[in-house]
1. Could you list, in sequence order, all residues of the stretch 74-87 that are over 19 Å from residue 20 (Cα atoms) and assigned to a strand (DSSP E or B)?
2. Looking only at the stretch 91-113, count every residue that is exposed (fewer than 15 other Cβ atoms within 10 Å of the Cβ) and either polar (S, T, N, Q) or more than 17 Å from residue 165 (Cβ to Cβ) (or both) and tell me the total.
3. Here's a check for you: in the stretch 114-125, which residue that is in contact (Cβ under 8 Å) with a residue 24 or more places away in the chain and over 18 Å from the mean Cα position of the chain (by Cα) is surrounded by the fewest Cβ atoms within 10 Å (Cβ to Cβ)?
4. Among all residue pairs at least 6 apart or on different chains, which show Cβ distances below 7 Å where the first residue, located in the stretch 170-186, is modelled with pLDDT of 80 or more and the second is among the hydroxyl-bearing types (Ser, Thr, Tyr)?
5. So residue 64 ticks every box in (1) surrounded by 15 or more Cβ atoms within 10 Å (Cβ to Cβ); (2) of a type in the set (S, T, N, Q); (3) in contact (Cβ under 8 Å) with a residue 24 or more places away in the chain; (4) touching a helix residue (DSSP H, G or I) at 6+ places or on another chain (Cβ under 8 Å) but one. Which box is left unticked?
6. Just to be sure before I move on: is residue 59 surrounded by 15 or more Cβ atoms within 10 Å (Cβ to Cβ), touching a residue at least 60 places away in the same chain (Cβ under 8 Å) and polar (S, T, N, Q) in the structure I sent?
7. Only residues in the stretch 77-103 that are within 23 Å of residue 159 (Cα to Cα) count as the first member; pair them with residues that are assigned to a loop (DSSP other than H, G, I, E, B) and polar (S, T, N, Q), Cβ under 8 angstrom, at least 6 apart or cross-chain, and list the lot.
Amino acid sequence: MAKLSRKRTRYLILLAAASLIVWRGWPVVWIFLGLNLLVSSDYSRLDEMVPPPEKPSLTLLGLSHPMDEPGKLANELLFQPRRMMHGHGFSPASRMEPHLESIAGILTESSTYEPWYGSKLCGGFHADYCFRWIQEEKKWDALLCMGCHEVILFHEGRSLRCDLSSESAERILSILDVVDPPRRLP
């Protein structure tokens, strides 16, 4: 009887561990299947998607790139504090605070965005940063991929994938080089 109880205890521990891994790891499946990139590229809606001209109320730092560092990404998703936004994993970005107004000044201009021209050869869109604006209970999110100079905008249940203009991408990168140099991608 004691052996059965010991086996059952092991089984329950393994089941609990597997459940925890599945619960924490579901975003890995979401990310690797590209389900987090099922967004619109209808550029005619740009004006309604651009965030309001104010400092973002929330800034998050993207997790490791799934193609460059899959093991590190799995570790971050499973074992480190994280927040999921639109199918992308993030952690707090505390060093951004002094530079938020500069970045917001770029991301809240319509001229920052250009129509999305398709997937780049950099390993695919990976959200390096998430900026959120909240105004009168309305939310705008901008997810930036600085490797391919793309952004996905979210507002009121809609999404829009755009490219950043070359000038805007360089302006943002010049700020990020000061704030977070290791995150700068080619």
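1. If we filter the stretch 74-87 for residues that are over 19 Å from residue 20 (Cα atoms), which is where we start, we get 85-86.
Within the stretch 74-87, just 85 meets the criteria.
2. Result for the stretch 91-113: 9.
3. Residue satisfying both the conditions and the ranking: 117.
4. Going by the 7 Å Cβ cut-off, the qualifying pairs are 175/102.
5. Unmet condition: (3).
6. Values: surrounded by 15 or more Cβ atoms within 10 Å (Cβ to Cβ): yes; touching a residue at least 60 places away in the same chain (Cβ under 8 Å): yes; polar (S, T, N, Q): yes.
So residue 59 passes the test.
7. 91/80
The values are calculated or read from the model by the stated rules, or taken from the named source; none is laboratory data. The model shown is predicted, which means the values in this text are computed figures rather than measured ones. Every residue, glycine as well, gets a Cβ built from its backbone with ideal geometry; the counts of neighbours run over all protein chains shown.
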